[in-house]
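Engineer: After the structure tokens below, expect a handful of questions from me.
The values are calculated or read from the model by the stated rules, or taken from the named source; none is laboratory data. Please read all numbers here as calculations on a predicted model, not as lab measurements. In this analysis, Cβ positions are derived from the backbone assuming ideal geometry, glycine residues included, and neighbour counts consider all displayed protein chains.
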């Protein structure tokens with residue numbers, strides 16, 4: 001997958017994560033994309049390392065959304081302390 005595909009998947013995953021997590025998350029498109037990409041990377045390699053799913057399975061997308069939600073919660077905790 002190229003860089004454009006990675007950015008598009010990151011945007012989709014980030015938007016889904018922001019939709020599923022309650023609360024006010026005022027961040028721009030760039031942070032949403034970075035959040036989605038970070039969640040995708042963390043969940044993909046973590047899930048594959050644990051043997052939960054293989055590359056290319058639909059569970060990887062679900063794992064990416066869960067990873068992005070976790071990153072969103074961490075991001076919210078960090079920005080609220082300021």
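Engineer: Which of the residues that make up the range 2-20 are part of a helix (DSSP H, G or I), at pLDDT below 75 and over 14 Å from residue 39 (Cα atoms)?
Structural biologist: Matches in the range 2-20: 3, 5.
Engineer: Okay, next question. Starting from the range 19-31, take each residue that is within 14 Å of residue 74 (Cα to Cα) and list its partners that are in a helix (DSSP H, G or I), counting only C-beta distances under 6 angstrom and pairs at least six apart or across chains.
Structural biologist: That search, which allows pairs on different chains as well, returns 21/69; 21/72; 25/18.
Engineer: Among residues belonging to the range 32-64 that are farther than 14 Å from residue 7 by Cα and buried (at least 21 other Cβ atoms within 10 Å of the Cβ), point out the one that is farthest from the chain's Cα centre (by Cα).
Structural biologist: Selected residue: 47.
Engineer: Same structure again: Of 76, 47, 39, which residue is part of a helix (DSSP H, G or I), in contact with a helix residue (DSSP H, G or I) (Cβ under 7 Å, 6 or more places away or on another chain), touching a residue at least 24 places away in the same chain (Cβ under 8 Å) and on the phi < 0 side of the Ramachandran plot?
Structural biologist: Selected residue: 39, the only one of 76, 47, 39 that is part of a helix (DSSP H, G or I), in contact with a helix residue (DSSP H, G or I) (Cβ under 7 Å, 6 or more places away or on another chain), touching a residue at least 24 places away in the same chain (Cβ under 8 Å) and on the phi < 0 side of the Ramachandran plot.
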